[in-house]
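The values are calculated or read from the model by the stated rules, or taken from the named source; none is laboratory data. These numbers come from a predicted model, not from an experiment. Virtual Cβ from ideal backbone geometry, glycine too; neighbours counted across all protein chains shown.
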Amino acid sequence: MNKMNSGKQKTIVASLITVVIISLILLAGPVQAIKLNLNNFTDSNPITGKIISAIFSIAINSNERMNLSNLEVYDNFDYLCSFAINSSSSDCESKGVIVSLVSDNTTKGYGYGYGYGYGYGYDYQYGYSNGNLDYNVSLNTNYFSFGTHNIKLELNAGDSHTYSTEQEITIRNVQITEEASQYISDVIGPTGANITVAILDTAEITNGTILTNIKPLKIIEINSTINGTGTIYFKINKSLVSDKNKISLYVLEGTSWTKLTTNYINETTNEYEYSATTPHFSIFMIGEDTTPQTKSSNSGGSSGKYIRLNEEDLTEDSVIEQETTDTPEQKSIWQQITEFLGLTGHVTEDGKVVEANPVPFLLILSSFIVLTGILIVLKVKSRK
């Protein structure tokens, strides 16, 4: 009897342990069953016409065997389009959404696993298991209205089991014409402002304005419905520039151009990129400073004897300092003797500075005095 009771107790304990283990597996499975993740877009606050992108990932647990088909895209919770799990087919491109499969290291085929995730539909079946699918999702903002958009990607695994992930973007109303986009990359203005950017005729605008030492490269008009400060990101082709460090953005104030604080950002194969801050929006000019620079005739620098200036380098504001070292022909005999004896400093013909050093001369003079004294003493003795 005791043996029978003991056997039943062991059976009950074993059954309980089995139930606990199965329960733990089922509870643990859902946590990592399948995960969708849409990373941040490259620009969450883009201007109209800009293409932004983000990486979208699906992570499938090894316990799953999911027969996935299509993923759906929603804009502000309204259905927008869908694409195949392998991105081979899609109706999203016509809606401004381009999806491409970047990598897939999942196991595909028949095997045992949960068909719907979260511990549901365990069977021998076909599907994806144990790996990640990574996609590049690009949005062409020309297809979206101004304002905030909630972009959601949703996967229906079947049997009413869905998974989703989302990101939010805000499209700014900054409209840049196709021609202007060759020079203006972006404009950051007051919140809520509608901004337009267009190219104007350079000769027409600069006629009658003061262009002192400025070479105009391009004239741009930027208008904003809300007045205020802003930041302008611009670029210029390298072929138009003599010195990239002399490029600035200028704003037209009456008939004169005011230079704005301009920062060099980067360079590409063909262009230099800059940013500038402006107190208001108006007519702007990308220009190059052409203020003349004082040049030396010796590319290695002045030797200390002469500075030769080209005629075009002379301006009314130029202050030219020259050393007054005389040429050998201008020196007097006495000056040449004192320099030779080291009593005065001088500059040699090869540009070396020789400082005054009277010690050798004093030694010679002392020797002369001593020798003269000895000769006098000897002459006096000989007379005696």
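Worth a mention:
- The single condition from (1) farther than 20 Å from Asp43 by Cα; (2) in a strand (DSSP E or B); (3) touching a residue at least 12 places away in the same chain (Cβ under 8 Å) that Phe281 fails is (2).
- Every residue from the range 268-285 that is within 18 Å of Ile195 (Cβ to Cβ), surrounded by fewer than 16 Cβ atoms within 10 Å (Cβ to Cβ) and of a type in the set (Val, Ile, Thr): Thr277
- Among (1) in contact (Cβ under 8 Å) with a residue 12 or more places away in the chain; (2) in contact with a Leu (Cβ under 8 Å, 6 or more places away or on another chain), the one test that Thr162 misses: (1)
- Pairs where the first residue, in the range 250-261, is at positive phi and the second is among the aliphatic types (A, V, I, L, M), C-beta under 7 Å, 6+ apart: none
- The range 65-118, residues that are assigned to a strand (DSSP E or B), acidic (Asp, Glu) and free of Cβ contacts under 8 Å to residues at least 12 places away in the same chain: Asp78
- Ala193 being among the small types (Gly, Ala, Ser) and not assigned by TED's automatic domain parsing to the domain that holds Glu64: yes
- Of the listed requirements (1) outside any strand (DSSP E or B); (2) modelled with pLDDT under 95, Thr42 misses just one: (2).
- Residue pairs whose Cβ atoms lie under 6 Å apart, separated by 6 or more positions or on different chains, with the first residue in the range 136-158 and part of a loop (DSSP other than H, G, I, E, B) and the second crowded, with 16+ Cβ neighbours inside 10 Å and not hydroxyl-bearing (Ser, Thr, Tyr), are Phe144/Ile171; Phe146/Ile171; Phe146/Asn173.
- Residue in the range 193-247 that is farthest from Ile176 (Cα to Cα), counting only those that are polar (S, T, N, Q) and part of a strand (DSSP E or B): Asn237
- Taking the conditions (1) modelled with pLDDT of 90 or more; (2) surrounded by fewer than 16 Cβ atoms within 10 Å (Cβ to Cβ); (3) not assigned by TED's automatic domain parsing to the domain that holds Phe83 in turn, Tyr183 satisfies each one other than (2).
- Being exposed (fewer than 14 other Cβ atoms within 10 Å of the Cβ) and under 25 Å from Lys50 (Cα atoms) is a description that does not apply to Phe83.
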